[in-house]
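Okay, structure first, notes after.
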Amino acid sequence: MTFSPNNIKKVELHVHLDTCLSFHYIKQVCPGITQDDFTRIFIAPSKCGDLAHFLRKVAPQIEILQTRAAIAQAVEDLFKQLAADNVIYAEIRFAPLLHLEMGLRSEEVVETVVAAMQRASLRYNIDANLLLCTLRHFNRAGSEQTANLVLDFLGRGVVGLDLAADEARFPLDNHIHAFQKIREAGGGVIAHAGEARGAESIDETLTRLQVSRIGHGVRCIEDPRVIERLRDENILLEICPSCNVVCDVFDTLESHPINDLKEMGIRLNVNTDARTVANTTLNNEYQLLHETFGWTEADFYRCNEHALEASFIDHETRQRLMRRLTA
C-alpha cells in the first residue's frame, strides 16, 4: 500500500506562529518580493552553525507581526497550512512581548491571536489552543509579565506557558517563579530543553520547572538516566526532526535519535516547530520519517495518541479528538 501522509489525521503541539509566514502571506505584505528574496530572507540554510544562527531568520517575521491586522492574518495563514497537513488539533505558541514595537499592548496582542485563532478554528474544523512563550534572555520581570498574561487568558484560549529561545547562553533562574505561578493556577507548563544543550539541561528543566512536556528534548539520548526519568515520569517530547537537522543538533535525519527513542518507549510526537525557517510541513516530516525509518501509519497514530494524552485540553475534548483520530 502506498504511504500517503496527508491521509493521516495529525496533532501538532510545537509550532511557533512567528516562524511560519508563507510566501503567499509575505507576498501580500511585500508585493514586489520574489521567491529568491523570500528564501534568502526567511528560510534558514540547510545547515546552520547553531540555534542562534537559526533564530536570526525569525527576526524578519517578527518585524512584520507588529499590528493587529498583520497578526490576525498570520493566524489565518498558519491555519491554512495546518489544514493542508490534515491537522485536527494544534497548540500554537508565540512570545507576546516581541510584538509591541508599534504600540500594541501585550494584552491586545494576545486578544488578537485568540480571536483570530477561534475564528480560524471554526472555519477549518481544527481545534486549537494557545501557549505563551517567555524567552531565555528575558529578565524576571519579562517572564512574570508573560505568566500574568497566561493567567489573564487561562480558559479563554490560552492553556499554558512555554520557555523558548537560546538555552545554551541563558539559565533558568529568571523563569522559575513564573512557572510556579502557572502550575499553581492549574495551567500547562512546557520548556524547550535538550536542543542547544545536552541531557543535563533536560534533567535540570524537569527538576526546576516541573514541566509535563519538553520541547525537543532529543539530546536525552546522551544519558540513559535521563531517558529513564522521561519514561518514569511519562514526559512527552515534542520532537521537530527537520529543525534539529537544520540547527545542526544532528548531522542528518539518519543520525537523529527519534526512532531509537520511540523504540525505547519514550512518549513523543512529531512537529514542524518553524515551518518557514526550516522549509517544511508536517506532511513532509511524516514522509521523511517513513522513508528514513520505515514508520507506518500505526507509528504515527501512536505519536498522535500520545500528543492528545499530553495536550492541555479537558477530558471531553480529548475524547472527542481521539474519536476523530481513529475515524
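The values are calculated or read from the model by the stated rules, or taken from the named source; none is laboratory data. Because the structure is predicted, anything quoted here is derived from the model rather than measured. Cβ atoms come from the backbone with ideal geometry, glycine included; neighbour counts cover every protein chain shown. Side chains are part of the model used for accessible areas, which takes the heavy atoms of the whole protein and leaves out ligands, DNA and RNA. Shrake-Rupley method; radii C 1.70, N 1.55, O 1.52, S 1.80 Å.
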If I filter the stretch 233-252 for residues that are closer than 29 Å to ALA178 by Cβ, open to solvent by 50 Å² or more (accessible area, probe 1.4 Å), modelled with pLDDT of 95 or more and not aliphatic (A, V, I, L, M), do I get at least one hit? yes
Please note which helices (runs of 4 or more DSSP H) are completely contained in the stretch 1-90 and include at least 1 residues that are touching a Lys or Arg at 6+ places or on another chain (Cβ under 9 Å), in contact (Cβ under 8 Å) with a residue 12 or more places away in the chain and not acidic (Asp, Glu). 23-29, 35-42, 51-55, 68-84
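To keep it simple, each residue is scored yes or no on (1) touching a helix residue (DSSP H, G or I) at 6+ places or on another chain (Cβ under 6 Å); (2) closer than 16 Å to ASP273 by Cα.
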| position | (1), (2) |
| --- | --- |
| ASP36 | no, no |
| ILE41 | yes, no |
| SER46 | no, yes |
| VAL58 | yes, yes |
| ILE64 | yes, no |
| THR67 | no, no |
Go through the stretch 167-176 and give me each residue that's surrounded by fewer than 18 Cβ atoms within 10 Å (Cβ to Cβ) and touching a strand residue (DSSP E or B) at 6+ places or on another chain (Cβ under 9 Å). PHE170
Open to solvent by 10 Å² or more (accessible area, probe 1.4 Å), modelled with pLDDT of 95 or more and either farther than 27 Å from ALA147 by Cα or among the aliphatic types (A, V, I, L, M) (or both): is that true of ARG219 in this structure? yes
Those residues that are more than 14 Å from GLN73 (Cα to Cα) and hydroxyl-bearing (Ser, Thr, Tyr), I need them from the stretch 96-123; list them, please. SER106
Here are some conditions: (1) closer than 24 Å to ALA196 by Cα; (2) at pLDDT 95 or above; (3) basic (Lys, Arg). LYS57 meets all but one. Which one does it not meet? (2)
For the stretch 149-158, name all the residues that are open to solvent by 20 Å² or more (accessible area, probe 1.4 Å) and small (Gly, Ala, Ser). GLY155
Keeping to the stretch 305-327, report how many residues are among the small types (Gly, Ala, Ser) and modelled with pLDDT under 95. 1
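Every residue, every condition in (1) charged (D, E, K, R); (2) over 30 Å from ARG197 (Cβ atoms); (3) surrounded by fewer than 19 Cβ atoms within 10 Å (Cβ to Cβ), yes or no:
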site	(1), (2), (3)
VAL87	no, no, no
HIS99	no, no, no
MET102	no, yes, yes
MET117	no, yes, no
LEU122	no, yes, yes
LEU135	no, no, no
PHE138	no, no, no
ALA147	no, no, no
Lone unmet requirement of (1) open to solvent by less than 40 Å² (accessible area, probe 1.4 Å); (2) in a helix (DSSP H, G or I); (3) out of contact with any strand residue (DSSP E or B) (no Cβ under 6 Å at 6 or more places or on another chain); (4) within 22 Å of LEU151 (Cα to Cα) for GLU107: (1)
Using beta carbons and a limit of 7 Å, which pairs, at least six apart or on different chains, have the first residue in the stretch 271-292 and at positive phi and the second one buried (at least 20 other Cβ atoms within 10 Å of the Cβ)? ASP273/HIS14; ASP273/VAL15; ASP273/HIS16; ASP273/CYS240; ASP273/CYS243
Farther than 18 Å from LEU209 by Cβ, at pLDDT 95 or above, of a type in the set (A, V, I, L, M, F, W, C) and open to solvent by 10 Å² or more (accessible area, probe 1.4 Å): is that true of LEU82 in this structure? no
Return the residues of the stretch 17-38 that are open to solvent by 20 Å² or more (accessible area, probe 1.4 Å) and within 30 Å of VAL158 (Cβ to Cβ); say none if nothing qualifies. SER22, PHE23, HIS24, GLN28, VAL29
